[in-house]
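Down below is the structure, laid out as structure tokens.
The values are calculated or read from the model by the stated rules, or taken from the named source; none is laboratory data. What you are looking at is a predicted structure, and each value in this text was computed from that prediction instead of being measured. Because the Cβ atoms are built from the backbone with ideal geometry, glycine has one as well, and the counts that use them run over all protein chains shown.
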Amino acid sequence: MFTKSEIRALREVSMDRATVSRLHNRLSMSQSGASVLVKRLQQKSLVITQRVGMKKFVEMNDAKHAVLVKELLQTYSHVPWEELLADSSLIILFEIFNSKTCELEGSLSKRTVSRHLNRLAEHGIIKDSAGGYLINSRYGPLIEFLEEYQSYIVREIVGSLVEDGVILWQKDFECLIRTAKSAVKRDDLFRTGISRFADFGIKLITNYDYYFYSEKKKKMRREDIVLHALLAERDSVRNVIYCLIFLKKFEQELDRTYLLKEAENFNIRELVEQMLVFLRDKKRGLDVMLPSWSEFVEKAEEYGVL
């Protein structure tokens, strides 16, 4: 996230490239403090530095999230972004951007949340919506920045966890990752999808492992595992067959309400509904991505499901 000093430094650099000495003077901090500040901004891919003679210049990076924050600071220079983008306030903006609510599950006190919400509303950054809040559409660059910076953060996290990780889906600081190598073991990284099918008696050969990154989840439910398998290869009939086998094997234990709610989040609810209807009615219907019932039965019998 950002500190107030980082936003002040970005405001200076966004207007014109600056020297570290100028930042040290304008921000009223020591030379070493200004150097550390610039390094932090470099680590976030927001600025780059260039030495010319004895001077070290700092200018905005051309990474997309850096370009967007520069546009935001220049276009709305009158807004006190030092207060509105720093620390807890940015966390709250991400929450509103992702879910239109402000349910931070105890990570911030109600008093802190209320203070930041009031400040954001006072400057017209957010507005009330049915059951929550919305970021004001007139702050388009802010909305674009939040989306891009969130993606950047997730990419950096994935890069630190998996050397060859490919992000297949990402939303709200969660993502589904495909990798040919083992991932770092962490409490917020879960093996999932067809990589877990063997744990439930459905043994498959695959060239990849799949992981789900989430700071919110505590474990992978069966519903999560089959949804992640679908999400990884939703256009593969072969993959759909294996997911149908999984659903059939555990049809009595599955929480359908949770299954469909999560499917909506992944934008695959229609496919999941058709799969459930297929298992109930024993016929394909109109979706060409589903197998014929006889094809399903043949494969399901191999795994002892029927």
Check: Residues in the range 231-252: is at least one in contact (Cβ under 8 Å) with a residue 60 or more places away in the chain and either in contact with a strand residue (DSSP E or B) (Cβ under 6 Å, 6 or more places away or on another chain) or outside the structural domain of residue 197 (by TED's automatic domain parsing) (or both)?
Finding: yes
Notebook entry, point to check: Where in the range 66-181 are the strands (runs of 3 or more DSSP E), entirely inside, with at least 3 residues that are modelled with pLDDT of 95 or more and of a type outside the set (D, E, K, R)?
Noted result: 166-171, 174-179
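Of a type in the set (Asp, Glu), over 22 Å from residue 272 (Cα atoms) and outside the structural domain of residue 279 (by TED's automatic domain parsing): which single residue out of 215, 156 fits that description? Spell out the reasoning first.
Details: 215 fails: outside the structural domain of residue 279 (by TED's automatic domain parsing).
Among 215, 156, only 156 is of a type in the set (Asp, Glu), over 22 Å from residue 272 (Cα atoms) and outside the structural domain of residue 279 (by TED's automatic domain parsing).
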Next item on the list: Please specify each residue of the range 256-288 satisfying the condition of being touching a residue at least 24 places away in the same chain (Cβ under 8 Å) and touching a Lys or Arg at 6+ places or on another chain (Cβ under 8 Å).
Entry: 258, 263, 265, 268, 271, 276, 278, 279
Check: When the range 52-66 is examined, which residues are found to be surrounded by fewer than 17 Cβ atoms within 10 Å (Cβ to Cβ) and within 27 Å of the chain's Cα centre (by Cα)?
Finding: 62, 64
Margin query: Being assigned by TED's automatic domain parsing to the domain that holds residue 125, under 18 Å from residue 151 (Cβ atoms), without any contact (Cβ under 8 Å) to a residue 40 or more places away in the chain and not aromatic (Phe, Trp, Tyr) is the requirement here; does residue 95 meet it?
Written below: yes
Checklist line | Leading residue by the ranking (surrounded by the fewest Cβ atoms within 10 Å (Cβ to Cβ)) among those in the range 182-203 that are assigned to a loop (DSSP other than H, G, I, E, B) and in contact with a Ser or Thr (Cβ under 9 Å, 6 or more places away or on another chain) | finding: 184
Check: Based on what the data block shows, is residue 207 part of a loop (DSSP other than H, G, I, E, B), farther than 18 Å from residue 291 by Cα, touching a residue at least 12 places away in the same chain (Cβ under 8 Å) and assigned by TED's automatic domain parsing to the domain that holds residue 175?
Finding: yes
Notebook entry, point to check: Looking at the range 210-306, what helices (runs of 4 or more DSSP H) fall wholly within it and have at least 1 residues that are in contact with a Cys (Cβ under 9 Å, 6 or more places away or on another chain) and closer than 17 Å to residue 168 by Cα?
Noted result: 222-232
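Given the criteria farther than 22 Å from residue 139 by Cα and over 26 Å from the mean Cα position of the chain (by Cα), does residue 19 qualify?
Considered against the rule, which asks whether it is farther than 22 Å from residue 139 by Cα and over 26 Å from the mean Cα position of the chain (by Cα), residue 19 comes out as yes.
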